[in-house]
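Note sheet for the following structure.
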Amino acid sequence: MDPGIVILVVFTVLAIYWLVRKKSPPATFTTETRINSDQYRKYQALMKESTALKRAGKLDEAVQKILGAYREAQENGLFIPAADYLKLPYYLQKANRNDEAWDWFNKLIRSCSDDPMTLSEIYSKMALFREREKKPEDTIKYYVLSDMYRCLGLHQLIALGDTDRESELTFGKERLEEGYGASLKKCGCAHLDDDLKKIIREHMQTFPKLRVPDVVRDINALMTKK
């Protein structure tokens, strides 16, 4: 089965599980450990082995091991968090396989297009990836997208009845409007701070109906003024 389809199925089930859990009494055990504890322990063991290989500098072996862990999860229907899927790009980057890493990011984005909270996690990791590549212009763009998608995710949760997240959403919006002065200064673009704030304010006026391609277009155009 195509890995992209499997990832989509996994995240769809996770999203349903999250929504159901929010309206149910808290469970003592997580879904992951109750599906099949032996299979989940095997998955965790593979993930730990991949981490050990990465730390030992055996990067290609670490990549193969983590891919094996993903296959183990997929074949046994295990629910694993987005954070686990987002470990692979870092391993690939360490192994100087950046194009493969970026392909994986894009596959995750396509698979999770209806899950703004997961998209927020993905774009945050993409920002860190670009930061390690010394590409600050892209770093800022992806941090903005990460924060916007988090606000969208919180908005969805609140609409579903999770009103405890309202203050978190307010803080998220304020953070966006405060801008990214420190990041801009870091890449020698402090003079673009006001313009970036203006772009963010204009797009947030349509929240939650954000047009992300337009956000990307406007930030890209601004950063060319560097």
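Quick notes on this one:
- Any hit, the range 170-189, residues being more than 18 Å from ALA127 (Cα to Cα) and in contact with a Leu (Cβ under 6 Å, 6 or more places away or on another chain): no
- Residue-level analysis places ILE122 outside the set of residues that are closer than 17 Å to ILE200 by Cβ and in a helix (DSSP H, G or I).
- Look at (1) more than 25 Å from VAL212 (Cβ to Cβ); (2) modelled with pLDDT of 95 or more and you find that ASN98 fails only one, number (1).
- SER111 vs. criteria among the polar types (S, T, N, Q), in contact (Cβ under 8 Å) with a residue 24 or more places away in the chain and either farther than 27 Å from GLN93 by Cβ or out of contact with any Cys (no Cβ under 6 Å at 6 or more places or on another chain) (or both): yes
This table checks each residue for (1) surrounded by fewer than 18 Cβ atoms within 10 Å (Cβ to Cβ); (2) out of contact with any Leu (no Cβ under 9 Å at 6 or more places or on another chain).
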position: ALA83; (1), (2): yes, yes
position: LYS87; (1), (2): no, yes
position: LEU92; (1), (2): no, no
position: ASN96; (1), (2): yes, no
position: ASP99; (1), (2): yes, no
position: LEU108; (1), (2): no, no
position: CYS112; (1), (2): no, no
position: ILE122; (1), (2): no, no
position: ILE140; (1), (2): no, no
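- Scanning the range 126-139 for residues that are part of a helix (DSSP H, G or I), within 27 Å of GLU168 (Cβ to Cβ), of a type outside the set (Val, Ile, Thr) and not assigned by TED's automatic domain parsing to the domain that holds ALA221 turns up nothing.
- Note on the range 89-100: among residues that are over 14 Å from LYS58 (Cα atoms) and not acidic (Asp, Glu), the one that is nearest to the chain's Cα centre (by Cα) is PRO89.
- Test: LEU128 is over 27 Å from ASN106 (Cα atoms) and not charged (D, E, K, R): no
- The range 158-178 residues that are assigned by TED's automatic domain parsing to the domain that holds ILE140, paired with ones that are surrounded by fewer than 15 Cβ atoms within 10 Å (Cβ to Cβ) (beta carbon under 6 Å, 6 or more apart): ILE158/GLU166; ASP162/LYS22
- Residues in the range 161-207 that are in contact with a helix residue (DSSP H, G or I) (Cβ under 7 Å, 6 or more places away or on another chain), exposed (fewer than 14 other Cβ atoms within 10 Å of the Cβ) and at pLDDT 95 or above: GLU166, ARG201.
- Conditions (1) out of contact with any Pro (no Cβ under 8 Å at 6 or more places or on another chain); (2) in the same structural domain as ASN220 (by TED's automatic domain parsing); number of the one not met by GLU75: (2)
- Highlighted here are the helices (runs of 4 or more DSSP H) found entirely within the range 148-211 that include at least 1 residues which are over 19 Å from the mean Cα position of the chain (by Cα) and over 25 Å from GLU133 (Cα atoms): 166-178, 193-204.
- Any hit, the range 100-117, residues being charged (D, E, K, R), in contact with a Gly (Cβ under 9 Å, 6 or more places away or on another chain), farther than 24 Å from LYS197 by Cβ and in a helix (DSSP H, G or I): yes
- Residue pairs whose Cβ atoms lie under 7 Å apart, separated by 6 or more positions or on different chains, with the first residue in the range 84-95 and assigned by TED's automatic domain parsing to the domain that holds TYR70 and the second small (Gly, Ala, Ser) and modelled with pLDDT of 95 or more, are PRO89/ALA101; TYR91/ALA62; LEU92/ALA101; GLN93/ALA101.
- Taken as a whole, the condition of being more than 23 Å from THR118 (Cβ to Cβ), within 22 Å of the chain's Cα centre (by Cα) and at pLDDT 95 or above applies to ARG217.
The values are calculated or read from the model by the stated rules, or taken from the named source; none is laboratory data. From a predicted model like this one, the values you see are computed outputs, not experimental measurements. Methodologically, a virtual Cβ is constructed for each residue, glycine included, from the backbone with ideal geometry; neighbour enumeration extends over all protein chains shown.
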